[in-house]
Amino acid sequence: MCFYVKRHLDYKPNITPTYIVMREQEAVKEKEREREKELKEAARMKEVEDELLAAI
């Protein structure tokens, strides 16, 4: 019989799990949606201000 001891345990995954990749992609998409919403809101507020100034 032959026995040996493994000195290094290299069980690290070579790739990132897909659920982590998907979660990161969703976070990026959500930030983009929030940014677009803020830009639309700012544009709408500017239009309202312009209309108010034009009415005066």
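What follows draws every value from the coordinates through simple rules; no lab data is involved. Remember, it's a predicted structure, so these values are computed and weren't measured experimentally.
Which angle from 0 to 90°, rounded to the nearest 10, does the C-alpha axis of helix 18-55 make with the longest principal axis of the chain?
Between helix and principal axis, roughly 10 degrees.
For the chain, take the alpha-carbon Rg, divide it by the Kirkwood Rh, and send me Rg/Rh.
1.64
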